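*Asks:* Structure incoming, see below.
None of the figures in this text is laboratory data; all of them are computed from the coordinates on show. Nothing here was measured: the structure is a model prediction, and the numbers come from that model. Counting neighbours? That spans all protein chains shown, and the Cβs are built from the backbone with ideal geometry, glycine included.
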Ligand SMILES: [Fe+2]
Ligand SMILES: [Fe+2]
């Protein structure tokens with residue numbers, strides 16, 4: 001359990017960093033400059049870190065959910081091995097995001113950024129050991145998703161409002177953490193329910209576009225992860241929400257919808 005001084009210093013640091021990032025355009029430019037160095041966009045590097053993702057992508061192709069018109073793509077995904085933890089015949093680079101889907105993926109990148117900061121917010125506030133363990137596990141998954149989105153989307157195409165998504169994500173985790181684990185789990189339920197629908201809308205658009213089959217499979221992998229996260233928190237809360245909780249959950253859902261609409265444009 002963190003001491004009061006550790007908690008205070010962590011919280012103050014997070015708040016100060018978030019506010020400065022939001023309010024100071026120079027920091028924003030610096031941030032974009034640093035991001036402009038560009039992520040490692042090779043698939044092999046990403047998949048070396050995430051064997052389970054490889055297996056899920058393989059299943060996504062095998063299930064026929066995302067149809068590939070290219071025999072090479074299907075063959076390479078189907079021949080991948082769970083033992084090696086990467087796609088042996090994977091294309092050398094991440095799937096290209098078609099121009100008409102950049103806004104969608106930008107909103108995904110913004111959302112995964114917010115998700116990472118939700119768990120950082122929880123960890124900044126809560127001293128509950130079970131909740132901290134939960135937050136650390138979910139943080140790891142969201143960091144994987146963000147790495148994937150980082151690799152998919154060049155810095156120049158990402159949301160210009162990333163500092164806003166970091167702050168709002170942090171607050172979405174930190175505020176319910178003040179009230180305890182159940183408030184956090186209900187918040188995550190609301191977020192993941194929204195994100196499941198958000199990814200499902202995108203994969204529904206993509207599943208009949210053979211040229212975007214790999215992107216479809218990657219987004220389906222993320223969606224399935226979010227569904228597992230939602231089911232995890234639902235299994236942890238067994239009481240009906242009160243009026244304040246219902247209001248908060250509704251605010252989170254509306255906020256998520258607004259965030260996606262903004263991230264698609266800016
Ligand atoms: Fe995620
Ligand atoms: Fe998630």
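*Asks:* What is the Cα centroid distance between region 217-250 and region 133-173, reported in whole angstrom?
*Replies:* 18 Å
*Asks:* Quick one: 184, 237, fewest Cβ neighbours within 10 Å first, how do they rank?
*Replies:* 237, 184
*Asks:* How high is the FRET efficiency from residue 157 to residue 224, r the C-beta distance, R0 25 Å, rounded to 0.05?
*Replies:* So the FRET efficiency works out to roughly 0.50.
*Asks:* Multiplying the sequence separation of residue 130 and residue 205 by 0.36 nm and subtracting their Cα-Cα distance, what value in nm do you get?
*Replies:* 23.1 nm
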